[in-house]
Amino acid sequence: MAEIAATLYNRNVNGINPTKISEDLSAAIGHTPLIKLRHASEVTGCQVLAKAEMLNPGGSIKDRTALGLILDAESRGTLKPGTVIVEGTAGNTGIGLTLVGASKGYRTIIFMPETQSKEKIDTLRMSGADVRLVPAVPYKNPSNYAHQARRAAEAMNAAHPGSAWFADQFDNTANRDWHEKTTGVEIWEETHGKIDGFVASAGTGGTLVGVARALKAQNANIKIALSDPAGSALASFVEKGELIATGNSISEGIGSSRVTANFADAPIDLAWSIPDTESVPLIHRLVREEGWCVGGSSGVNIAGAIRLARMLGPGHTIVTILADAGTRYQAKLFNAAFLREKEIPVPDWMNAV
Ligand code: PMP
């Protein structure tokens, strides 16, 4: 696996990059910049850093997940030329699977809740995915998008064995394994091991748990925190062992009502439930003062990073994730009327534009 990763990242196994040419889209995924968040660092006296995952070719951290799942399935023989990739997703994993799929010759069928942003749906259609929008219902309902995707793949395989592969990002632990081998290793190397805490939100849990495992293996004292959006049951699960959700959030792709296989046995030390009134203003501030335009889950991550930095005290280094770009949610996150309706503070400059 190490050699596969080394090849993908266009290094040879001795760590020397012989050329600067990425052979294909897969080779351009990962090795994102680790950037300093100025405001978050100044208000806490810590060094708050973030992996700029919106700079992946498909625009989100889920490009990594898509690549990890595809490579694993290819190595097992469940995905081979002619097989169609089928997945249920809030959008970003579908975009990653469709783009990596395009570069490798696979088509995709993507089931997605109809409540997700138009920008993500448009991107998927434009990239060639067969998009099936379904009502947004909880996981316990058989019409949930993940169940519909699994059943569609099963029906295709019943008619034509081997014609479909269900990627199963939530319960296929190749997801967190890939983050452990790539995202987590990059963070350890880029900080030269000088890291005191890592914070992220969880959808599948692949990012948080994969990175947590990589970091804890190096230094068990590194604090791992879950930054959970309001309306998700995961923070209460980490804190009290019970899945209780309160409130709601406009963030997409994060939060869960259940413990996925990727989230199970997570080495997480603490968790917070973050309201939109805390996370969204951080996004607005970030683009106007530091130039990074990020989506809702990144706001939840930054809020968590500030809380962890305050808890540990000045002088510590905290790392988090900028998962995707704000342009993917422009009609919601940067729309004064929408924000007002959700009782989220509207910055003065937004009223003026
Ligand atoms: N942020 C965004 C924007 C996402 O789309 C996702 C994945 N759905 C996440 C965060 C969470 O990542 P993970 O699935 O690895 O927990």
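The values are calculated or read from the model by the stated rules, or taken from the named source; none is laboratory data. Not measured: the values here are computed from a predicted model. Cβ atoms come from the backbone with ideal geometry, glycine included; neighbour counts cover every protein chain shown. The accessibility values were calculated without ligands, DNA or RNA, using every heavy atom of the protein model including side chains. Shrake-Rupley method; radii C 1.70, N 1.55, O 1.52, S 1.80 Å.
Brief remarks on what is shown
- Every listed requirement among (1) under 19 Å from Ala323 (Cα atoms); (2) in contact (Cβ under 8 Å) with a residue 60 or more places away in the chain is met by Lys223 save one, (1).
- Here Ala303 meets each of (1) modelled with pLDDT of 95 or more; (2) over 30 Å from Lys216 (Cβ atoms); (3) more than 12 Å from the ligand (Cβ to nearest atom) with one exception, condition (2).
- Which numbered condition Ile85 misses (of (1) more than 16 Å from the ligand (Cβ to nearest atom); (2) surrounded by 18 or more Cβ atoms within 10 Å (Cβ to Cβ); (3) closer than 22 Å to Asp324 by Cα): (3)
- Yes/no for Ala158 being in contact with a helix residue (DSSP H, G or I) (Cβ under 6 Å, 6 or more places away or on another chain) and surrounded by fewer than 24 Cβ atoms within 10 Å (Cβ to Cβ): no
- Entry remark, the stretch 185-206: residues being away from the ligand (no atom under 12 Å from the Cβ) and either open to solvent by less than 10 Å² (accessible area, probe 1.4 Å) or not in a loop (DSSP other than H, G, I, E, B) (or both) number 10 in total.
- Matching residues in the stretch 78-95 - criterion: being in contact (Cβ under 8 Å) with a residue 40 or more places away in the chain and under 20 Å from the mean Cα position of the chain (by Cα): Ile85, Val86, Glu87, Gly88, Thr89, Ala90, Gly91, Asn92, Thr93
- Condition met for Ile70 (among the aliphatic types (A, V, I, L, M) and within 11 Å of the ligand (Cβ to nearest atom)): no
- Cβ pairs under 8 Å, 6+ apart, first in the stretch 109-128 and within 17 Å of Ala66 (Cβ to Cβ) and touching a residue at least 60 places away in the same chain (Cβ under 8 Å), second in a strand (DSSP E or B) and open to solvent by less than 20 Å² (accessible area, probe 1.4 Å): Lys120/Met112
- Odd one out for Ile16 among (1) part of a loop (DSSP other than H, G, I, E, B); (2) open to solvent by 20 Å² or more (accessible area, probe 1.4 Å); (3) modelled with pLDDT of 95 or more: (3)
- Residue selected from the stretch 214-240 under the condition in a loop (DSSP other than H, G, I, E, B) and within 19 Å of Asn301 (Cβ to Cβ), by the criterion most open to solvent (accessible area, probe 1.4 Å): Gly231
- Only one entry of Leu234, Leu215 meets the criterion of being within 11 Å of the ligand (Cβ to nearest atom) and farther than 23 Å from Gly326 by Cβ, and that entry is Leu234.
- Counting only helices (runs of 4 or more DSSP H) that sit completely within the stretch 241-349, those holding 2 or more residues that are among the charged types (D, E, K, R) and without any contact (Cβ under 8 Å) to a residue 24 or more places away in the chain correspond to 336-341.
- Residues of the stretch 166-184 that are within 10 Å of the ligand (Cβ to nearest atom) and assigned to a loop (DSSP other than H, G, I, E, B): Gln169, Phe170.
- Exclusive hit being open to solvent by 20 Å² or more (accessible area, probe 1.4 Å) and either closer than 27 Å to His147 by Cβ or touching a Pro at 6+ places or on another chain (Cβ under 6 Å) (or both), set Val209, Val287, Val300, Val259: Val259
- Residue count for the stretch 42-65 under the criterion of being in a helix (DSSP H, G or I) and over 16 Å from Ala225 (Cβ atoms): the result is 9.
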